[in-house]
1. Between residue 150 and residue 321, how high is the FRET efficiency from 1/(1 + (r/R0)^6) when r is the Cβ-Cβ distance and R₀ = 35 Å? Nearest 0.05.
2. Would you work out the Kirkwood radius for region 102-171? I mean one over the mean of 1/r across all pairs of different Cα atoms, in Å.
3. For 258, 215, 269, what ranking results if the residue with the fewest other Cβ atoms within 10 Å of its Cβ goes first?
4. Rank these for me by crowding, 65, 121, going from fewest to most other beta carbons within 10 Å.
5. Among 208, 331, which comes first, then next, by fewest other beta-carbon atoms within 10 Å?
6. If you average the C-alpha positions of region 163-225 and of region 256-300 separately, how far apart do those two centres end up, in angstrom?
7. Can you tell me the mean projection area, over all orientations, of the convex hull of region 249-344's alpha carbons? Units nm², please.
8. At residue 193 and residue 284, where each label point lies 7 Å from the Cα along Cα→Cβ, what is the point-to-point distance in nanometres?
């Protein structure tokens, strides 16, 4: 039997309301006091609360500025297979690479603003790769980057533009290969300082930053964890990205990500590039290896450590002048056709 109760009097309701407000106020004061006590920066704390991990089904923008989209917009001279490949790839949610060569300091703000507009129109999150570090790629196929002072100015503008897009979720892959290559380049201390500063300039609410995490067949997990720890920003980034521009299997990358995260401890997460790993690796060949395939679309997988998989390296862009490819980053129709031969 349901027992009926009379409505409380106005005085009782008012008293209850005052008590609730008091509890909330005391709770807020206590929370802020706790933050101050443990030495957490309040802005960082509340940014962490808002920076929810991307769900497995997070939708990522398919940028109109991608080289696949630009090629699809003007298919003149393309064969039927090439046209089918670029049309397919242009529709896929893929990270956009911000480089000083294509988006210098006088254009990068507008680029971010345009990408944010597209994200709103597609009701999607924005995913960008920041790739302009001084001494980039240690003089290999993707050599270049900015001098130190110019890099500070460039990344500062990018950070301002990202924060200006307050209503858009942002995923930032910061400087692929930068940490994994640093021991070979002999500039670990320099890279650590540069990346730490870049994080400071790029951080913002609803901005998930992932540092370079190499991949499962490159730097051992213990060494990768040590490099990430040296950057000293694990309390201000979401985590690390693995397999960027590489071909390792998704299962190997998940296992590697878990191993690195376990060594790091705390609430550190990962994101895995599955853009070109559909046929797995070709031995140790990383530069335009033949016979590869696009991998599972972004948002297919995720668990307690790996936030999600994502197409980070745009399929169809060359790794460099190897195995018949053009210069690094240049659109390669033959490569696009091969990678998508079973997907379209």
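Each reported figure results from applying straightforward, stated rules to the coordinates on display, with no laboratory input. Remember, it's a predicted structure, so these values are computed and weren't measured experimentally. Every residue, glycine as well, gets a Cβ built from its backbone with ideal geometry; the counts of neighbours run over all protein chains shown.
1. On the way: r = 26 Å, r/R0 = 0.75.
E(calc), rounded to 0.05, equals 0.85.
2. Working: mean 1/r = 0.0773 Å⁻¹.
By the Kirkwood definition, the hydrodynamic radius is 12.9 Å.
3. Values: 258 16, 215 27, 269 21.
If I rank by nearby Cβ atoms, fewest first, I get 258, 269, 215.
4. Numbers: 65 14, 121 10.
Ordered from fewest to most neighbouring Cβ atoms within 10 Å, 65, 121 come out as 121, 65.
5. The most exposed by this proxy come first: 331, 208.
6. So the two Cα centres are separated by 16 Å.
7. Reported value for the Cα convex hull: 6.5 nm².
8. 3.3
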